[in-house]
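First comes the structure, then the notes that go with it.
The values are calculated or read from the model by the stated rules, or taken from the named source; none is laboratory data. On a predicted model such as this, the values are computed, not experimentally measured, just so you know. Cβ sites come from the backbone with ideal geometry, for glycine too, and all protein chains shown count toward neighbours. Note: areas computed on protein heavy atoms with side chains; ligands, DNA, RNA excluded. Shrake-Rupley method; radii C 1.70, N 1.55, O 1.52, S 1.80 Å.
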Amino acid sequence: MPFEIPPLRYSLDALEPIIDTQTVEIHYTKHHATYLKNLNAAIEKHPQFFEWTLEKIMSNLDQIPEDIRTAVRNNGGGVYNHNVYWASMAPGQSGNPVGKLADVINTTFGSFNNLKAEFEKTALSRFGSGYCWLSAKNGGQLLVHSTANQDSPLQEGIMPILVIDVWEHAYYLKYQNRRADYIINWWSLVNWKEAEKQFAKVN
Ligand code: MN3
């Protein structure tokens, strides 16, 4: 069975005014969908990998045949990373971490504001295209880090908690070159309940 992308859990205009409708529409129905199409086209050449989950594939790229490995790295990453990105956001959020994740953020970073400062700095300093993540190592140790292009934390054996896409296509129509404004505004969309669910997988 070919891979699929999960339906958006909210309408295309639900992230207004932080992320405009046209950006969500193009990003989800064109960019994300194209990664999916290209991933499936690559796996067609070795269809036994349709039996694997995307997480397993992205965590074990060394086991993917060399003739499709780069295509799977880029397009499998493109599918997976956007899955996490859409799930990281929701309309009508409180803006604050919840549950055990909130406690661990305080003990790791000192405060939520410190985490935000580190995250914003990391997201801003990603040169070119990529992502900024809050991730957790096995056992629950949190870290803020950035990946280039469509690389993902799974390749480093760590679990993504939430992510912001800082490719220009994620913000350019509304924010043009003002990546910082996009990042700062993005906090009010973060789905902390979903982040807490992700965190529960590793601790
Ligand atoms: Mn993107």
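Just one of the numbered conditions (1) closer than 27 Å to residue 20 by Cβ; (2) open to solvent by 40 Å² or more (accessible area, probe 1.4 Å); (3) among the β-branched types (Val, Ile, Thr) is not true of residue 98: (1).
If you take the residues of the stretch 173-184 that are more than 29 Å from residue 137 (Cβ to Cβ) and touching a residue at least 24 places away in the same chain (Cβ under 8 Å), which of them is nearest to the ligand (Cβ to nearest atom)? The qualifying residue nearest to the ligand (Cβ to nearest atom) is 173. Residue check: is residue 93 surrounded by 14 or more Cβ atoms within 10 Å (Cβ to Cβ) and modelled with pLDDT under 95? Yes: the conditions hold for residue 93.
Would you check if residue 4 is over 20 Å from residue 197 (Cα atoms) and out of contact with any Ser or Thr (no Cβ under 9 Å at 6 or more places or on another chain)? Yes. Could you check, for the stretch 18-28, whether at least one of its residues is open to solvent by 80 Å² or more (accessible area, probe 1.4 Å) and away from the ligand (no atom under 16 Å from the Cβ)? Scanning the stretch 18-28, I find no residue that is open to solvent by 80 Å² or more (accessible area, probe 1.4 Å) and away from the ligand (no atom under 16 Å from the Cβ), so the answer is no. Can you pull out every residue in the stretch 138-151 that is modelled with pLDDT of 95 or more and under 17 Å from residue 199 (Cβ atoms)? Listed by number, the residues that qualify are 141, 142, 143, 144, 145.
Within the stretch 75-99, the residues that satisfy the criterion of being away from the ligand (no atom under 16 Å from the Cβ), touching a residue at least 12 places away in the same chain (Cβ under 8 Å) and in a loop (DSSP other than H, G, I, E, B) are 90, 91, 93, 94, 95, 96, 97, 98. Restrict the check to the stretch 63-74 and report whether at least one residue is within 16 Å of the ligand (Cβ to nearest atom), outside any loop (DSSP other than H, G, I, E, B) and open to solvent by 20 Å² or more (accessible area, probe 1.4 Å). Scanning the stretch 63-74 turns up at least one residue that is within 16 Å of the ligand (Cβ to nearest atom), outside any loop (DSSP other than H, G, I, E, B) and open to solvent by 20 Å² or more (accessible area, probe 1.4 Å). Restricting attention to the stretch 29-56, the residues being open to solvent by less than 80 Å² (accessible area, probe 1.4 Å) and either within 16 Å of the chain's Cα centre (by Cα) or not assigned by TED's automatic domain parsing to the domain that holds residue 69 (or both) number 6. Pairs linking a residue in the stretch 33-59 that is in contact (Cβ under 8 Å) with a residue 40 or more places away in the chain to a residue that is surrounded by fewer than 16 Cβ atoms within 10 Å (Cβ to Cβ), with Cβ atoms under 6 Å and 6 or more positions apart or on different chains, are 43/50; 50/1.
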